[in-house]
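The values are calculated or read from the model by the stated rules, or taken from the named source; none is laboratory data. These numbers were taken from a predicted model, which means no experiment stands behind them. Glycine also receives a Cβ, built like all others from the backbone with ideal geometry; neighbour counts cover every protein chain displayed. The accessibility values were calculated without ligands, DNA or RNA, using every heavy atom of the protein model including side chains. Shrake-Rupley method; radii C 1.70, N 1.55, O 1.52, S 1.80 Å.
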Number of protein chains: 2
Amino acid sequence: MSVRSRQPSGPEIPASEEEVLPARGQRKQRTRDALIDAALQLMNEGRSFNSLGLREITRVAGVVPTSFYRHFRDTHELGLVLVEESALTLRRMLREARRAGAPVKDMIRRSVQVYSAFVLANRLHFLFIAGERTGGSPVIRGAIRNEVDQFTAELTQDLRHLAIFPQLTPDSLQMICGLVVSTMLNGATDILDLPPDDSAQPLEDNLVHQLRVIFLGAQLWRDEIS
Amino acid sequence: MSVRSRQPSGPEIPASEEEVLPARGQRKQRTRDALIDAALQLMNEGRSFNSLGLREITRVAGVVPTSFYRHFRDTHELGLVLVEESALTLRRMLREARRAGAPVKDMIRRSVQVYSAFVLANRLHFLFIAGERTGGSPVIRGAIRNEVDQFTAELTQDLRHLAIFPQLTPDSLQMICGLVVSTMLNGATDILDLPPDDSAQPLEDNLVHQLRVIFLGAQLWRDEIS
DNA sequence: TCGATGTGTCAACAGTTGTTCACTAAAAAT
DNA sequence: ATTTTTAGTGAACAACTGTTGACACATCGA
């Protein structure tokens, strides 16, 4: 279904493609990708990761069930790989946002637009994160929580360097970023649930307003005794 | 496991117990409750609703698999009943909050304390709502979204009558209540994930701070042209 | 060129799944 | 008192599940 350019786990990072891998490594990587894609695709059809079966995944991947074990110990391990990979997408988003710089004017609206587009462009990963962040297997949920927390910390650092809220202590800024992140992930769920030919505009507007409220409050925030 | 006082679906509401039901109706209600409890209990052990099997549920309920069909067409229908029942818990919470009145002094902190206690006291229902609100079956997710939206609307009405934010239009108030509700449901996930003998205090503090930020922002909010 | 490595295949296993049908026995209706 | 209704049982079904072991055969290092 989707042609994916996956970064190799090996030490040498190829410039553009994975051609540097030995022929057998390519083949292995390819079916490994097929398995991962199959899981994501099944989730895209409304299933939760927990309910996916090993055979089901291999069937969609076009591989025999036993092949699965050449790549993962069990579906659980696949899930953790999926967490890792989705986390990379999150970081990629942050990196691109950083590169785009911070237009203070109408910054929230622009960010939400970029975010919305990014969510739709990386539908499967956000579907996985937003869907398995609550419910599902506790250990996968925990892994996602770790990644999201790390993402929040990075976002906090960025905002800190931008010095938008100079009066906030690091802890307060982190707490506010946590609120921002959870609000945006919530928004992702809504965006992904939209019927395919619906406009995301109303949801974006709502998200913009909510973030504006948060940022308004952040500007007024003073750390109190309790 | 848990003795549940379920409200009968019949027209005549008994004062205290369900003794008014015919003997057979009582028995039926009892195993129906056992099935519902079994599903909740399984979820309490870290499973997502989607992954529960019919036989699994009946096994925990102590009933033969075929008995399931006397009460629900399939597990899906059980899920919808679970949504309904959990929604009742949400409304019950709102009702009790209304009854307690609104102490403007330290109102947020008190509300969060009551909320946290309520979440822990109704663990299974909140586990279901917070867990299946994202991911899982689309139709169940949709049903939950409806109930949460309705809950948000009721909360909006309450805040409106309290006139805490007199300058806000109904739409803006609703949008802010949506932010509040999603933040609190997020908090529920965190609280429910706590190891059983951990204090919820840090999470409560964080939730209090986040809500304070939101309310600070809400006080400053002015509806703009765009 | 030859042996080693390892990805993918095939066949088979024991166990579980959802669903059906006919049946029992107790409560309700007559 | 007799008939009807019905919640729960038990056996059986085809289909599916995760996992195993042995095998084919392309790629690799020598």
Test: B:Thr134 is under 27 Å from A:Pro195 (Cα atoms), within 16 Å of the chain's Cα centre (by Cα) and outside any helix (DSSP H, G or I): yes
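Okay, residues lined up against (1) in contact with a helix residue (DSSP H, G or I) (Cβ under 7 Å, 6 or more places away or on another chain); (2) within 23 Å of A:Gln113 (Cβ to Cβ); (3) not assigned by TED's automatic domain parsing to the domain that holds A:Ala117:
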position: A:Gly136; (1), (2), (3): yes, no, no
position: A:Ile144; (1), (2), (3): yes, no, no
position: A:Leu159; (1), (2), (3): yes, yes, no
position: A:Ile176; (1), (2), (3): yes, yes, no
position: A:Leu185; (1), (2), (3): yes, yes, no
position: A:Pro195; (1), (2), (3): no, yes, no
position: A:Glu204; (1), (2), (3): yes, yes, no
position: A:His209; (1), (2), (3): yes, yes, no
position: A:Arg212; (1), (2), (3): yes, yes, no
Is it true that some residue in the stretch A:138-146 is among the hydrophobic types (A, V, I, L, M, F, W, C), closer than 20 Å to A:Ala100 by Cβ and open to solvent by 20 Å² or more (accessible area, probe 1.4 Å)? no
Residue in the stretch A:159-170 that is assigned to a helix (DSSP H, G or I), over 14 Å from A:Leu127 (Cα atoms) and within 11 Å of another protein chain (Cβ to nearest Cβ) present: no
Among B:Ile108, B:Ile129, B:Ile176, which is in contact (Cβ under 8 Å) with a residue 40 or more places away in the chain, closer than 23 Å to A:Val139 by Cβ and touching a Leu at 6+ places or on another chain (Cβ under 8 Å)? B:Ile129
Search the stretch A:42-70 for residues being open to solvent by less than 50 Å² (accessible area, probe 1.4 Å) and of a type in the set (S, T, N, Q), and hand back the single one that is nearest to DNA strand C (Cβ to nearest atom). A:Ser67
Of these, A:Leu78, A:Leu127, which one is of a type outside the set (Val, Ile, Thr), within 16 Å of DNA strand C (Cβ to nearest atom) and open to solvent by less than 60 Å² (accessible area, probe 1.4 Å)? A:Leu78
Pair list, Cβ under 6 Å, 6 or more apart: the stretch B:15-35 residue more than 16 Å from DNA strand C (Cβ to nearest atom), other residue modelled with pLDDT under 90: B:Asp33/B:Arg4; B:Asp33/B:Arg6
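A quick yes/no check of all residues on (1) facing another protein chain (nearest Cβ under 9 Å); (2) surrounded by 19 or more Cβ atoms within 10 Å (Cβ to Cβ); (3) out of contact with any Ser or Thr (no Cβ under 7 Å at 6 or more places or on another chain):
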| position | (1), (2), (3) |
| --- | --- |
| B:Gln157 | no, no, yes |
| B:Ser172 | yes, no, yes |
| B:Ile191 | no, yes, no |
| B:Gln201 | no, no, yes |
| B:His209 | yes, yes, yes |
